[in-house]
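To start, the structure itself, in structure tokens.
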Amino acid sequence: MKVCIIPARGGSKRIPRKNIKDFCGKPMLARAIETAKNSQLFEQIIVSTDDSAIADIAQHHGATVSRRPAELADDYATTAAVIQNVLQSVPEASHICCLYPCTPLLKPQYLTDSFERWQSSNSLYCFPVLEFESNVLRSLKLSDTGEVSSMFSQHELTRTQDLPQAYFDAGQFYWGSREAWLSEDKIHNHALGYVLPKYSVVDIDDDNDWRFAERLYQAQLERA
């Protein structure tokens, strides 16, 4: 059984109540639930939370709620630990997608495509990645006095086209089997990378990020 688990705790320091704040007319969490539903992949969508308001919104939009214990609701709880907690009560779950709640630009197609690619691979996990706009091997560092030096001096004179392309975790979702989630929490070392197109993700950490994400979302609607 394919299950989507959305971890959505109540605490959010940089943007208060981030998971249920209105995003273009709907709570942010509702956007994630809607994306999971529209993918038509999942037999069950579960929101893991410690917060009653989040639980109410999750249920209103058709998700099941898994109440999270206090020890898994602080800043140090890992994603794997949260997923493992939910799986204790869903023994029939075999293919699990951990979908983060603040992913309003995520298209259902990305979930379905990545699932198919993962299933045809031998990787324990699959998650989306984005290209760095500038190659990290040509990055610079500054001294306390502002003097510039190469972060990787061996590549200081290497042409960027001769360097391998670098990617980073897009922080959107993670596919994994039940066995993988319960036994291996080092996701990055055992995963297939699914490359997302540029501008398909905004890391929403402050109000400027939020406004930019809303503009991108609205622009996508106008192009559709």
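Let me confirm something: among 221, 192, which residue is surrounded by 15 or more Cβ atoms within 10 Å (Cβ to Cβ) and either at pLDDT 95 or above or not aromatic (Phe, Trp, Tyr) (or both)?
Of 221, 192, the one residue that is surrounded by 15 or more Cβ atoms within 10 Å (Cβ to Cβ) and either at pLDDT 95 or above or not aromatic (Phe, Trp, Tyr) (or both) is 192.
Determine which single condition residue 185 fails, assuming it passes every other condition in (1) out of contact with any helix residue (DSSP H, G or I) (no Cβ under 7 Å at 6 or more places or on another chain); (2) surrounded by 12 or more Cβ atoms within 10 Å (Cβ to Cβ); (3) not in a strand (DSSP E or B).
For residue 185, the failing item is (1).
Inspect all residues belonging to the stretch 45-64 and state whether any of them is touching a residue at least 40 places away in the same chain (Cβ under 8 Å) and loosely packed, with under 15 Cβ neighbours inside 10 Å.
For the stretch 45-64, residues touching a residue at least 40 places away in the same chain (Cβ under 8 Å) and loosely packed, with under 15 Cβ neighbours inside 10 Å: present.
Name the strands (runs of 3 or more DSSP E) wholly inside the stretch 59-139 in which the number of residues that are among the polar types (S, T, N, Q) and either in contact with a Ser or Thr (Cβ under 6 Å, 6 or more places away or on another chain) or closer than 30 Å to residue 157 by Cα (or both) is 1 or more.
Values: elements: 64-67, 95-99, 125-131.
Because the criterion is at least 1 residues that are among the polar types (S, T, N, Q) and either in contact with a Ser or Thr (Cβ under 6 Å, 6 or more places away or on another chain) or closer than 30 Å to residue 157 by Cα (or both), the strands (runs of 3 or more DSSP E) in the stretch 59-139 that meet it are 64-67.
Residue check, residue 161 against (1) loosely packed, with under 12 Cβ neighbours inside 10 Å; (2) in a strand (DSSP E or B), all met but one. Which one?
(2) is the only condition that residue 161 fails.
Check whether at least one residue in the stretch 9-17 is closer than 26 Å to residue 221 by Cα, of a type in the set (Val, Ile, Thr) and either open to solvent by 30 Å² or more (accessible area, probe 1.4 Å) or modelled with pLDDT of 95 or more (or both), and report yes or no.
Within the stretch 9-17 (the criterion being closer than 26 Å to residue 221 by Cα, of a type in the set (Val, Ile, Thr) and either open to solvent by 30 Å² or more (accessible area, probe 1.4 Å) or modelled with pLDDT of 95 or more (or both)), the answer is no, since none of the residues qualifies.
Identify, please: which residue in the stretch 87-134 is more than 17 Å from the chain's Cα centre (by Cα) and open to solvent by less than 30 Å² (accessible area, probe 1.4 Å) and is, among those, farthest from residue 44 (Cα to Cα)?
87
The values are calculated or read from the model by the stated rules, or taken from the named source; none is laboratory data. Since we're looking at a predicted model, the values are computed, not measured. Quick reminder, even Gly has a Cβ in these numbers, built from the backbone with ideal geometry, and neighbours come from all protein chains shown. The area values use the complete protein model at the heavy-atom level, side chains included, leaving out ligands, DNA and RNA. Shrake-Rupley method; radii C 1.70, N 1.55, O 1.52, S 1.80 Å.
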